[in-house]
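The values are calculated or read from the model by the stated rules, or taken from the named source; none is laboratory data. Nothing here was measured: the structure is a model prediction, and the numbers come from that model. Note: ideal-geometry Cβ built from the backbone for every residue, glycine included; neighbour counts use all protein chains shown.
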Amino acid sequence: MPPNPKTIALCIFLFLSSALITLTLKSSPHPRPWLPSSNHQPSYSLPNTPKVAFATFLAANANPDRAAIDAASAALDDADDGYYLGTRVLAYQLLHSRSASPNTTAQIPFLVLCTRDVSRRKRDRLKRDGATIVLVEKLQADWVHAAVERWVDVLAKLRLFQLTEYHKICFVDADTLVTKPIDGVFYDEATLTQPTLPNPEQTKPDEAPLPRTYMFATHGDYWTYEHPYPPVTDLNYLNCGFFVFTPSTTLFDYYMSLLSIPGRFDPGFPEQNLLNYAHRREGNMPWKPLWYGWNVNWPTERDWRGGARSFHAKYWDGDPSHDPVLKGIWERQRSEMEGFYRGRDEGGWS
């Protein structure tokens, strides 16, 4: 009996359908969790996620009225060391505060660059607070003399540019009040990688080579409380109390070459003026302006009510020029911080 043509056609159809399905599954770019793999791992991989971090800097107590030894400072509960206190409040704001640290930010590490003369007691306390301690060596040059004593070690901030395991770092000075999440700064368009410009007139033969690309984004310095909000953005002089950058050993070496050339920049504000020279607007690596609301220097209540998210001022001291509303918010953040850690320490949870 000859085979039924309908049966042959059905077999051919089923064979071709099976082959087509198999080919489609093999070539599909989408994950197929229902298909087992030989090593029981997903048959696809997620793209690499850029590694980002917040960071600040802490040197030994530079308060002119500081206790002579660390033990005496401990007896005062470190109230004499404003920058250490500010660092603890900042750690709380970025890592734990309900108002300033959403779940997304809590996954972003907070680095504290410490010179080696910061006591182990303070470093250990910051570790318990959740910070990641990065010990660094000081940077100095014979011709660089800071205008204020407490700035003598600030050049060590430049060690941040050696932390090349991070794609982007947002540096925040310890004297900063954060009232809303600021993790969105890593997506600010000013933080896109830029090509270094080739202008030969801005290339100095006595300076180290520039990197092929760079990223350095920040704000201008307003110099006064009498600024509008939104503030103007076409400023030339940058403030380095808040900036975002991509670490680079080539860029760090370039900075070090500037330190080796006496008079290349005004040393009164050591690291700030070095960065202003390196990233001058007319140079080959001009700084890019961030959205004005991420951070305000010389801040007022007007900036806060306008929607700004962080404010650069030493609210721990008695400066009468500080905005009383912002100072009050910072003091409440300090109280929250102390209560939070006291409860955690006494409760034995982490």
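Restrict the check to region 113-120 and report whether at least one residue is among the charged types (D, E, K, R), in contact (Cβ under 8 Å) with a residue 60 or more places away in the chain and loosely packed, with under 15 Cβ neighbours inside 10 Å.
no
Give the residues of region 115-174 that are under 18 Å from the mean Cα position of the chain (by Cα), in a loop (DSSP other than H, G, I, E, B) and farther than 17 Å from F269 by Cβ, sorted by residue number.
G130, A131, L163, T164, E165, Y166, H167
Out of (1) closer than 26 Å to V136 by Cα; (2) without any contact (Cβ under 8 Å) to a residue 12 or more places away in the chain; (3) of a type outside the set (F, W, Y), what's the single condition that is false for D175?
(2)
Filter region 322-350 down to the residues that are assigned to a loop (DSSP other than H, G, I, E, B) and modelled with pLDDT under 95, then identify the one that is nearest to P231 (Cα to Cα).
Applying the filter and picking the extreme gives S350.
List, please: which pairs have Cβ atoms under 6 Å, are six or more places apart or on different chains, and start with a residue in region 261-278 that is on the phi < 0 side of the Ramachandran plot and end with one that is of a type in the set (K, R)?
Partner pairs satisfying both residue conditions: E271/K157.
Examine region 237-254 for a residue that is of a type outside the set (S, T, N, Q), in a loop (DSSP other than H, G, I, E, B) and surrounded by fewer than 21 Cβ atoms within 10 Å (Cβ to Cβ), and state whether such a residue exists.
Within region 237-254, one or more residues are of a type outside the set (S, T, N, Q), in a loop (DSSP other than H, G, I, E, B) and surrounded by fewer than 21 Cβ atoms within 10 Å (Cβ to Cβ).
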